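Read the structure below first, then the notes.
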Amino acid sequence: MIENTDVLSIAYYKSKPFKGSDGNMRYMIERTEKDEGNVFTVTTWPGPLSFEATSDDKKSTHIEEFSEEGLIKAVEYLNSRYGDYN
């Protein structure tokens, strides 16, 4: 299970994405710009390969607002996806 403290603070995402894993699930959380402003884009994919080495059709994405609450929801989303990969 991924904890909120596992994914660093919101300030981190202003400069770069965060990649991690939980069991066979790999994930990336990054700040991206959309029409409505900055958002968190959460991408999950099956291990063992890296993001770059995994085909796009095996990746799933989810969007949350770029805020502390959005980061908490991103972690909730990741935990909801765990069973799909493990």
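The values are calculated or read from the model by the stated rules, or taken from the named source; none is laboratory data. Not measured: the values here are computed from a predicted model. Backbone-built Cβ (ideal geometry, glycine too); neighbour counts: all protein chains shown.
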message: Quick check on my filter: what residues within the stretch 66-86 are surrounded by 14 or more Cβ atoms within 10 Å (Cβ to Cβ) and either at positive phi or among the hydroxyl-bearing types (Ser, Thr, Tyr) (or both)?
response: 77, 82, 85
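Are any of the residues in the stretch 70-84 in a loop (DSSP other than H, G, I, E, B) and either touching a strand residue (DSSP E or B) at 6+ places or on another chain (Cβ under 9 Å) or touching a residue at least 12 places away in the same chain (Cβ under 8 Å) (or both)? Let's see the steps before the verdict.
Of all residues in the stretch 70-84, those in a loop (DSSP other than H, G, I, E, B) come to none.
So far as the stretch 70-84 goes, no, none of its residues is in a loop (DSSP other than H, G, I, E, B) and either touching a strand residue (DSSP E or B) at 6+ places or on another chain (Cβ under 9 Å) or touching a residue at least 12 places away in the same chain (Cβ under 8 Å) (or both).
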query: How many residues does the stretch 19-43 hold that are free of Cβ contacts under 8 Å to residues at least 24 places away in the same chain, surrounded by 15 or more Cβ atoms within 10 Å (Cβ to Cβ) and either over 11 Å from residue 78 (Cα atoms) or not aliphatic (A, V, I, L, M) (or both)?
result: 2
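Can you say whether residue 2 is among the hydrophobic types (A, V, I, L, M, F, W, C) and in contact with a Leu (Cβ under 6 Å, 6 or more places away or on another chain), as far as the supplied structure shows?
On the way: among the hydrophobic types (A, V, I, L, M, F, W, C): yes; in contact with a Leu (Cβ under 6 Å, 6 or more places away or on another chain): yes.
Yes: the conditions hold for residue 2.
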- prompt: How about the stretch 16-65: which of its residues are among the acidic types (Asp, Glu) and either more than 18 Å from residue 5 (Cα to Cα) or more than 11 Å from the chain's Cα centre (by Cα) (or both)?
  reply: 22, 33, 35, 36, 52, 56, 57, 65
task: Please state which of the following conditions residue 3 fails to meet, knowing it meets all the rest: (1) surrounded by 13 or more Cβ atoms within 10 Å (Cβ to Cβ); (2) touching a residue at least 60 places away in the same chain (Cβ under 8 Å).
output: (1)
Near pairs, Cβ below 8 angstrom, 6+ apart or cross-chain, from the stretch 44-64 (touching a residue at least 40 places away in the same chain (Cβ under 8 Å) and surrounded by 10 or more Cβ atoms within 10 Å (Cβ to Cβ)) to any residue that is of a type outside the set (Asp, Glu) and assigned to a loop (DSSP other than H, G, I, E, B): 44/59
- line: Of the residues in the stretch 1-18 that are charged (D, E, K, R) and more than 12 Å from residue 78 (Cβ to Cβ), the one that is modelled with the highest pLDDT is 16
